[in-house]
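Quick notes on the structure that follows.
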Amino acid sequence: DAKTTQPPSMDCAEGRAANLPCNHSTISGNEYVYWYRQIHSQGPQYIIHGLKNNETNEMASLIITEDRKSSTLILPHATLRDTAVYYCIVRVESNTGNQFYFGTGTSLTVIP
Amino acid sequence: NAGVMQNPRHLVRRRGQEARLRCSPMKGHSHVYWYRQLPEEGLKFMVYLQKENIIDESGMPKERFSAEFPKEGPSILRIQQVVRGDSAAYFCASSPFGTFRAFFGQGTRLTVV
């Protein structure tokens, strides 16, 4: 039960911003939004996560709508190495931990 | 601080044999997760363990599959009497107690011939 909806594929020109949308209309108040990516069948790599506020780190920015029903991952200057499958995941935070449920993700292709 | 280590990276087994996949979590991490990825598909959750305890095994097939995370040593995913449909990439992730970002290993690719 992935609880998220993402477009299956997207293209982005190298050097441009890549904006990857995710719908999570049934998200609960205590569920965080996480983004991971998987490059060419390697192990998934953490990108960013957030609860309500927009977040930014060295890899990307995460924009979460006010009603929290959708979010957008922004890669500000896409490079060829950003070609990967990007997974948007919602997850409850608790001290006993919780598993991640991966959906089918968005396959991003960065075009030279 | 080494990352999550999985071995072997590639494993070939004949139908009916046993497969043992090992996962050494990052230092200080007490939570381990196992996922399976069939060719051209997404990652499917299998089992979540803490030291000496199985917390959630809702994604594990009812037969032939088992997992453990002993007090000492790596976590083991064991598949008995493997069949061709078990051929997949198996990923392990770990996280520390009290924080929630999980780190993934590079996976073990199991091929059943």
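Any read-out appearing in this document is the output of simple, stated calculations on the displayed coordinates, not a laboratory observation. Predicted model only: the values in this text are computed from it and were never measured. As a convention, Cβ positions derive from the backbone with ideal geometry for all residues, glycine included, and neighbour counts pool all protein chains shown.
Divided by 2.2 N^0.38 Å, where N counts the residues, the Cα radius of gyration of the protein assembly as shown comes to 1.03. Cα centroids of segment A:1-68 and segment B:14-83: 26 Å apart. Pairwise Cα separations in segment B:1-57 fall into 5 Å bins from 0 onward with the following percentages, short to long: 4, 14, 18, 26, 22, 11, 4, 0.
Only four residue types carry charge here, +1 at the Cβ of Lys and Arg and -1 at the Cβ of Asp and Glu. Report the dipole size of chain A about the Cα centre in Debye, rounded to the nearest 20.
Values: 8 positive and 10 negative charges, 18 e Å.
Roughly 80 debye, rounded to the nearest 20.
Partner aspartates and glutamates whose Cα lies under 15 Å from the Cα of B:LYS44, excluding those fewer than 8 positions away in the same chain, are identified as A:ASP1, B:ASP56, B:GLU57, B:ASP86. Convex hull volume of the C-alpha atoms in chain A, normalised per residue: 100 Å³.
Using DSSP, restrict attention to beta bridges with both residues in the protein assembly as shown and report what percent are antiparallel, rounded to the nearest 5. Display every interim value, and only then the final one.
Numbers: 63 of 72 bridges.
Taking every DSSP beta bridge with both residues in the protein assembly as shown, the antiparallel ones total about 90 percent.
Annotation: lysines with alpha-carbon distance below 30 angstrom to B:LYS51 (same-chain offsets under eight excluded): A:LYS3, B:LYS27, B:LYS62, B:LYS71. Computed from backbone phi with θ = phi - 60° and the Karplus coefficients 6.51, -1.76 and 1.60, the 3J(HN,Hα) list for segment A:12-24 is 8, 6, 4, x, 8, 6, 9, 10, 10, x, 8, 9, 9 Hz; x is used for glycine and proline. Compare the Cα positions of A:TYR32, A:ASN53, B:LEU110 along the charge dipole of the protein assembly as shown (+1 at Cβ of Lys, Arg; -1 at Cβ of Asp, Glu; about the Cα centre) and return the one farthest towards the positive end. After comparing all options, I get B:LEU110. Based on C-alpha pairs under 8 angstrom that are at least 6 apart in sequence, segment A:1-59 has a relative contact order of 24 percent.
Only Lys, Arg, Asp and Glu carry charge here, each on its Cβ (+1 for the first two, -1 for the last two); on that basis chain B has a dipole of about 340 debye about its Cα centre. Sequentially through segment A:62-75, phi angles give Karplus couplings (6.51, -1.76, 1.60; θ = phi - 60°) of 10, 10, 10, 5, 4, 7, 6, 8, 8, 8, 9, 8, 10, 9 Hz, Gly and Pro residues having no value and appearing as x.
Across q = 0.12, 0.18 Å⁻¹, segment B:30-113 modelled as identical point scatterers on its alpha-carbon atoms has Debye log10 I(q)/I(0) values of -0.34, -0.76, in the order of the q list.
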